[in-house]
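Structure, as structure tokens:
A short reminder: the numbers here are calculations on the coordinates, not readings from a lab. Quick caveat, the model's predicted, so the values are computed rather than measured. Here the Cβ positions follow ideal geometry from the backbone for every residue, glycine too, while neighbour counts run over all protein chains shown.
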Amino acid sequence: MTESHEDNPVDEQLKRLLVEHREAMLRMAGKVGGGLLRHETAEDLVQGAQLHALGVADRFEYVGESAFLGWIRQLIQQHVARRHEYWSAQKRDAGVLLRISAGGDEESEPGGIDISASLTGPATFADRREQILIAMQVLEALSDRDRSIVRCVREGCSTVEIAEELGLGPAAAEKARTRAMNRFKKAFLLLQKRSG
């Protein structure tokens, strides 16, 4: 049996307005996106803001063109702020992960990534920034399980804690941990070589 579902007229009006004002939204996203546009396009930001707008459609009331554009600008700014928080967290995660990978820890083999942490100067800072961006890309490319393991390592979890998290025995968790860190390191070095 199929049910007929009629869309709410307010939802339909909002959808129509979002389509009509897409170009204006792209310009807004380009203006407020700033450094975020290194990671996401203005189109990505607009789509995220549109999804958010549709999610709060029950609070939408059209009271004129300028009020609508102000509301949309606010939604875009909120979405951009959330994405900045996301990428800042990713950058912090990647930076910590590079330190772990470079220095190793008591439970794993030493890492193979030299981030020149003790050096200073513009070239070193630029290199470090590039390495953090590469590490962020690698984290995003890992499987969910490997990403979870790598984040556990970054947070200082022991093999026993990783085993509990994954529902594995200690020996299996240690193997999974070693494989995940090796995948991260190999992918990092490969991307680093390609970008260099």
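Annotations
- Placing R0 at 35 angstrom, the Cβ-Cβ distance between residue 140 and residue 13 gives a FRET efficiency of 0.45 after rounding to 0.05.
- Reach of residue 175 by Cα under 28 Å, taken over lysines that are not fewer than 8 positions away in the same chain: 91, 185, 186, 193
- Taken along the Cα-to-beta-carbon direction at a fixed 7 Å, the label points for residue 84 and residue 130 span 2.7 nm.
- In order through segment 26-43: 3J(HN,Hα) via Karplus (6.51 cos²θ - 1.76 cosθ + 1.60), integer Hz, x for Gly, Pro: 4, 5, 4, 4, x, 6, 8, x, x, x, 5, 5, 6, 9, 9, 8, 4, 4
- The length gained on full extension between residue 44 and residue 148, counted as 0.36 nm times the residue separation minus their Cα-Cα distance, comes to 34.9 nm.
- Net +/- balance of residues flanking residue 33 in space, Cβ distance below 12 Å, scoring K and R +1, D and E -1: +1
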